[in-house]
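Values quoted throughout were computed directly from the atomic coordinates according to the rules given, and no laboratory measurement underlies them. These figures come from a predicted structure and were not determined experimentally. Here the Cβ positions follow ideal geometry from the backbone for every residue, glycine too, while neighbour counts run over all protein chains shown.
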Amino acid sequence: MTASTVDIALFAAKLGMVFLAILTLAAYLVFAERRVLAWIQDRKGPNRVGPLGLLQPLADLVKLLTKEDFIPAAADKWLFCLAPAMAAIPAILIFSVIPFGKPLTIAGHQVPLLIADLNVGLLFFLALSSIAVYGVAIGGWASNSKYSLLGGIRGLAQLISYELSMGLSLVPVVMLARSFSLTAIVDAQARIPFILYQPLAFIIFLISITAECKRIPFDIPEAEGELVAGFHTEYSGMRFGLFFVGEYINIIVLGGLATTFFLGGWHGPVLAPVIWFGIKTLVFAFFFIWMRGTLPRLRYDQLMHLGWKLLTPLALLNILATGWWLVAAS
């Protein structure tokens, strides 16, 4: 095999493994959430399908694939069909720039454990996360339903607002690593993770990605008690499944990004680097689940107040303080 053929084969293998791992993790994260919430609420949760209920995600997939999939008569059909894909695909693409392990040497080839090592990986993440906003907005608009439209408008305002604080919270990370490459950011944390240098940026980023995931206490775009299901009220079958799975893929991807930016990525003692990355990412997933079983939903004015009047000014002040510290230390 020529060098180019080996490179293509390794790329295809990494792509397939990452895609399979993300979809499997997303499916079983749904199962884990149902079991953890059941434990918090002193009930059993899914335990009938397979041993300990472990085949429940497969049963849910079969149900979604076999349910009737309909489109409202007055809906914009093209946009209605496009919105679920725009909600799920950008989250999967973001994972392509996340390094999830130490580079390996295979058949004389140095194989980095990520799909694409972009020198602007952080900007690539911000660009794709902004595209995901359109899935919520288009789904609410195209359904031609007042409940879906309200959910879409709420989601659009929320995601745009917290996109700003999330991006600003990452500026000090770039200043410390002196690179937009996620690989360089992880390498810069080989000795000390950035969370110790930037605890405020980490807190702002964590709150912002919780809002980006539309999780409690920021689940206002869905708000089942008010809007039935918000922007995806009119969706059924596998189109609803794409919205649903997209949320959990987003949890995994944003947990992986938080690990990359603040917790040293795959760096850690004793265990294999890939295992360290997986543990740190799953800790974030567990945190999101725990919050859902613990916190109440914010009001909409509280949501906007937190984003624009607290997180954004704090992120700007943190950038100024980081710049002053770097200049003073040089």
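Which length gain, in nm to one decimal place, applies between ASN119 and LEU317 when the Cα-Cα distance is subtracted from 0.36 nm times their residue separation? Write down the numbers at each step before the final one.
On the way: separation 198, 0.36 × 198 = 71.28 nm, distance 2.68 nm.
Gain on stretching ASN119 to LEU317: 68.6 nm.
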Helix-only [θ]222 nm of the chain, DSSP H runs n ≥ 4, -39500 (n - 2.57) each, per residue, nearest 500: -22000 deg cm²/dmol
In 5 Å bins starting at zero, report the fraction of Cα pairs in the stretch 125-177 per bin as a rounded %. 4, 20, 23, 18, 13, 9, 6, 4, 2, 1
Per residue of the stretch 289-297, what does 6.51 cos²θ - 1.76 cosθ + 1.60 with θ = phi - 60° give for ³J(HN,Hα)? Whole Hz please, x for Gly and Pro, Karplus curve as stated. 5, 4, 4, 4, x, 10, 9, x, 7
Please list, ordered by chain and number, the residues whose modelled amide H lies under 5 Å from the amide H of LEU104; skip anything fewer than 5 residues away on the same chain. VAL111, LEU113
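Quick one: work out Rg over Rh on the C-alpha atoms of the chain, Rh as Kirkwood radius. Show your work: numbers first, answer last.
On the way: Rg = 20.5 Å, Rh = 21.0 Å.
Radius of gyration over Kirkwood radius for the chain works out to 0.98.
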Ranked from highest to lowest mean number of other Cβ atoms within 10 Å per residue, what is the order of the peptides 250-261, 133-144? 250-261, 133-144
Give me, ordered by chain and number, the residues 5 or more places off SER236 or on other chains with an amide H under 5 Å from its own placed amide H. PHE70
Please report the orientation-averaged projected area of the stretch 1-70, defined via the convex hull of its C-alpha atoms, in nm². 7.9 nm²
Give me the number: length gained by fully extending VAL62 to TYR28, i.e. 0.36 nm times residue separation minus the C-alpha to C-alpha distance, one decimal in nm. 10.8 nm
Need the full-extension length gain, MET304 to ARG191, defined as separation in residues times 0.36 nm minus the C-alpha distance. One decimal, nm. 36.9 nm
Quick one: pull the percentage of alpha-carbon pairs in the stretch 76-143 with a separation above 15 Å. 60 percent
Whole-Hz Karplus couplings 3J(HN,Hα) for the stretch 28-36, θ = phi - 60° and coefficients 6.51, -1.76, 1.60, Gly and Pro as x, run 7, 5, 4, 4, 4, 4, 5, 6, 5
With r defined as the distance between the Cβ atoms of ALA9 and LYS102 and R0 fixed at 30 Å, what FRET efficiency is calculated, to the nearest 0.05? 0.90
Determine which residues of the stretch 196-220 fall in the zone a paramagnetic label at TRP325 would reach in this model, i.e. backbone nitrogen under 17 Å from the point 7 Å along Cα→Cβ. 196-206
What chymotrypsin sites (Phe, Trp or Tyr not before Pro) does the stretch 1-103 have in DSSP loop regions with at most 14 other beta carbons within 10 Å? PHE70
How many times 2.2 N^0.38 Å is the alpha carbon radius of gyration of the stretch 173-312? 1.18
Give me a comma-separated list of calculated 3J(HN,Hα) values for the stretch 165-172, in order, Karplus coefficients 6.51, -1.76, 1.60 applied at θ = phi - 60°, integers in Hz, x for any Gly or Pro. 5, 5, x, 5, 5, 8, 4, x
